[in-house]
Amino acid sequence: MDWLNTIIRTFFDFGAMAEVLPQLLGVGLLNTLIISIAATLLGTVLGMVVAVMGISPSKWLRVPARIYTDLFRGLPAILTILLIGQGFARLSQSIFGPSPYPLGIIALSLIASAYIGEIFRAGILSVDKGQGEACRALGMSYAKSMALVVVPQGVRRVLPALVNQFIAIVKDSSLVYFLGLLVSERELFRVGQDAAVLSGNLSPLVAAGVFYLVITVPLTHLVNYFDNKFRTGRRRPAAPTSGLKEVKELDAASPLTTGSNT
Amino acid sequence: MNLPTTAAHNAAADAPTFHGSSLELRNLTMAYGDINVLRDVSLTVAPGTTTCIIGPSGSGKSTLLRGINRLHEPKSGEVLLAGESTLRANPDTLRTRIGMVFQHFNLFPDHTALENVALALWSVKGMPKAQAMERARRRLAEVGLAERADHRPRDLSGGQQQRVAIARALAMEPEVMLFDEATSALDPELVKGVLNLMAGLGRRGMTMLVVTHEMGFARRVADQVVFMDEGEVVEAGTPAQLFDNPRSERLQRFLSEVL
């Protein structure tokens, strides 16, 4: 069973895994989470701006949003990360210092915002047109009707899609290593790769992979759970009531139908 | 004739008595793209009266209502609310003076009945939230829904939802109410309740424009009935004139189909 031994030594060298575990936990996982969460938050804010621009009645807002989305959605993530990470290195140095970490987060959030913008846009457009009309008929401005009624409904509908986007960002965060991170800034993939070089087998990378799955798999299931919940909705369970009861109730309780003529 | 009254609302907050304004349409023409769906419609609605608009589908009834509060901008013509041009007014301000009730209620699903009524009070009228809630609660009680104030629309029947929608529009203290087939989506046993509610508004001085397929309601409640077909007013007059003595062949045919 030579080949089995080879496989075990290559992928499942538990000694090498144990050795890299503290670093994966203390450095890798921490940085992956920081990068992913920061990029998601920034990307969500940018994405909302892009989405609102994208559905604006003004083409001066719509067209730039379209170009932005096409650009960042159409380029490979690695290319965007390298162009931004290296292209703005000097500018970044004067603001954030020598670390490429902030630029990596920004590049990831630009990519994410293009996708999130499309998710939000689809969500907002899926809201029944009558909602906006009801708002406008009450005298609300376009901006108010969007902010108070239409956008919140749209966003709620796309929460599952947003979690999917977060999962994509977690995976893409590994690409930031191309910018050359400091030792303390390494994320899961880089920690695993460095350890793999030392141990001479791929087991540390397998361990890193397990950590990615630990983040992403529960989230995927959480998405399905929420998706179901939102679809079926929070409905108060109520016993069926006869419409005739309502007729009686209305006859009894409506001062507008009685009273004096004025 | 219409008196250029600026409606006084002081009493309306406490007693459900309304001060409807006059409404006048002069040669109103509306289009979707290049197609005129409303041609040269002229109509006078006296303050505090109810006008029912009847006619087959596609006759431009809904479009007419949407032109009055400018949810759809008219192409030409003039609309006067209390003698003032609506087309020169700020559309948002104009719409606070005109209440609208939709066929499919269009309640905000993630707001309770109370919040549905209160939302525009604080966000448009700038009322303090507590006061808006208080006013909303009273308006809901007036349509018989005091008990249901904290229910969301999905937990209400169609009739209850439509009554919330009416309370929501009334809370803004409008001078005119537009009803766009307000009972068409209701279960049959709930239609009468909502129609009675609307009739009550009319008796209390609200100016109402009601697009409806309820011929009984039009005959009983309307001061004026307007029959539209293919984007034009074919015939207008008292319910007795239109229902008992229809002059145009198109109205005769329409009535023979629906009565």
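The values are calculated or read from the model by the stated rules, or taken from the named source; none is laboratory data. Keep in mind that what you see is a predicted model, and the values were worked out from it rather than measured. Here the Cβ is made from the backbone with ideal geometry for all residues, glycine too, and neighbour counts use every protein chain on show.
Values for this structure:
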{"item": "For B:P74: the one exception among (1) closer than 29 Å to B:A240 by Cα; (2) within 19 Å of the chain's Cα centre (by Cα); (3) free of Cβ contacts under 8 Å to residues at least 60 places away in the same chain", "result": "(1)"}
{"item": "Of all residues making up region B:92-119, the number that are more than 8 Å from chain A (Cβ to nearest Cβ) and either touching a His at 6+ places or on another chain (Cβ under 8 Å) or among the β-branched types (V, I, T) (or both)", "result": "4"}
{"item": "Looking only at region A:177-211, and only at residues there that are of a type in the set (S, T, Y) and in contact (Cβ under 8 Å) with a residue 60 or more places away in the chain, the one that is surrounded by the fewest Cβ atoms within 10 Å (Cβ to Cβ)", "result": "A:S184"}
{"item": "Within region A:79-102, tally of residues that are of a type in the set (S, T, N, Q) and within 18 Å of A:R186 (Cβ to Cβ)", "result": "1"}
{"item": "Verdict on B:R154 being facing chain A (nearest Cβ under 8 Å), part of a helix (DSSP H, G or I) and surrounded by fewer than 19 Cβ atoms within 10 Å (Cβ to Cβ)", "result": "yes"}
{"item": "Residue within region B:229-243 that is modelled with pLDDT of 95 or more, in contact with a Ser or Thr (Cβ under 8 Å, 6 or more places away or on another chain) and not in a strand (DSSP E or B) present", "result": "no"}
{"item": "Residue in region A:97-117 that is closer than 26 Å to B:H111 by Cα and assigned to a helix (DSSP H, G or I) present", "result": "yes"}
{"item": "Boolean, B:R168 is under 19 Å from the mean Cα position of the chain (by Cα), more than 21 Å from B:T49 (Cβ to Cβ) and either free of Cβ contacts under 8 Å to residues at least 24 places away in the same chain or facing chain A (nearest Cβ under 10 Å) (or both)", "result": "yes"}
{"item": "Out of A:L29, A:L4, sole residue that is among the hydrophobic types (A, V, I, L, M, F, W, C), within 24 Å of A:Y177 (Cα to Cα) and in a helix (DSSP H, G or I)", "result": "A:L29"}
{"item": "Which numbered condition A:G132 misses (of (1) surrounded by 15 or more Cβ atoms within 10 Å (Cβ to Cβ); (2) more than 14 Å from every other protein chain (Cβ to nearest Cβ))", "result": "(2)"}
{"item": "Failed item, numbered, when B:M133 is tested on (1) among the hydrophobic types (A, V, I, L, M, F, W, C); (2) surrounded by fewer than 20 Cβ atoms within 10 Å (Cβ to Cβ); (3) in the same structural domain as B:R70 (by TED's automatic domain parsing)", "result": "(3)"}
{"item": "Positions within region B:167-209 being among the small types (G, A, S) and either within 17 Å of A:K245 (Cα to Cα) or in a loop (DSSP other than H, G, I, E, B) (or both), in sequence order", "result": "B:A182, B:S184, B:A185, B:G193, B:G205"}
{"item": "Hey, A:L148 at the interface with chain B (Cβ under 9 Å from one of its Cβ atoms) and more than 28 Å from A:D70 (Cα to Cα) or not", "result": "yes"}
{"item": "Lone unmet requirement of (1) more than 8 Å from chain A (Cβ to nearest Cβ); (2) more than 19 Å from the chain's Cα centre (by Cα) for B:R139", "result": "(2)"}
{"item": "Test for B:R148: is it of a type in the set (K, R) and within 11 Å of chain A (Cβ to nearest Cβ)", "result": "yes"}
{"item": "Flag if A:A239 is modelled with pLDDT under 80, closer than 30 Å to B:P188 by Cα, surrounded by fewer than 17 Cβ atoms within 10 Å (Cβ to Cβ) and more than 12 Å from every other protein chain (Cβ to nearest Cβ)", "result": "yes"}
{"item": "B:R88 vs. criteria modelled with pLDDT under 95 and closer than 24 Å to B:H19 by Cβ", "result": "yes"}
{"item": "Restricting region B:173-186 to residues that are within 24 Å of B:G55 (Cα to Cα) and not small (G, A, S), the residue that is surrounded by the fewest Cβ atoms within 10 Å (Cβ to Cβ)", "result": "B:E181"}
{"item": "Test: residue in region B:46-69 that is touching a helix residue (DSSP H, G or I) at 6+ places or on another chain (Cβ under 7 Å), without any contact (Cβ under 8 Å) to a residue 12 or more places away in the chain and of a type in the set (A, V, I, L, M, F, W, C)", "result": "no"}
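Residue-by-condition table, conditions (1) at pLDDT 95 or above; (2) within 14 Å of another protein chain (Cβ to nearest Cβ); (3) within 17 Å of the chain's Cα centre (by Cα):
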residue: A:I37; (1), (2), (3): yes, no, yes
residue: A:L41; (1), (2), (3): yes, no, yes
residue: A:M48; (1), (2), (3): yes, no, yes
residue: A:A51; (1), (2), (3): yes, no, yes
residue: A:S58; (1), (2), (3): no, no, no
residue: A:R66; (1), (2), (3): yes, no, no
residue: A:F96; (1), (2), (3): no, no, no
residue: A:A112; (1), (2), (3): yes, no, yes
residue: A:F120; (1), (2), (3): yes, no, yes
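Conditions (1) in contact with an Asp or Glu (Cβ under 9 Å, 6 or more places away or on another chain); (2) assigned by TED's automatic domain parsing to the domain that holds B:M208, marked per residue:
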residue	(1), (2)
B:G60	yes, yes
B:L71	yes, yes
B:G77	yes, yes
B:A89	no, yes
B:V117	no, no
B:S123	no, no
B:K129	no, no
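This table checks each residue for (1) touching a Pro at 6+ places or on another chain (Cβ under 7 Å); (2) among the hydrophobic types (A, V, I, L, M, F, W, C); (3) crowded, with 20+ Cβ neighbours inside 10 Å.
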site	(1), (2), (3)
B:A165	no, yes, yes
B:A171	no, yes, yes
B:P188	no, no, no
B:L197	no, yes, yes
B:A218	yes, yes, yes
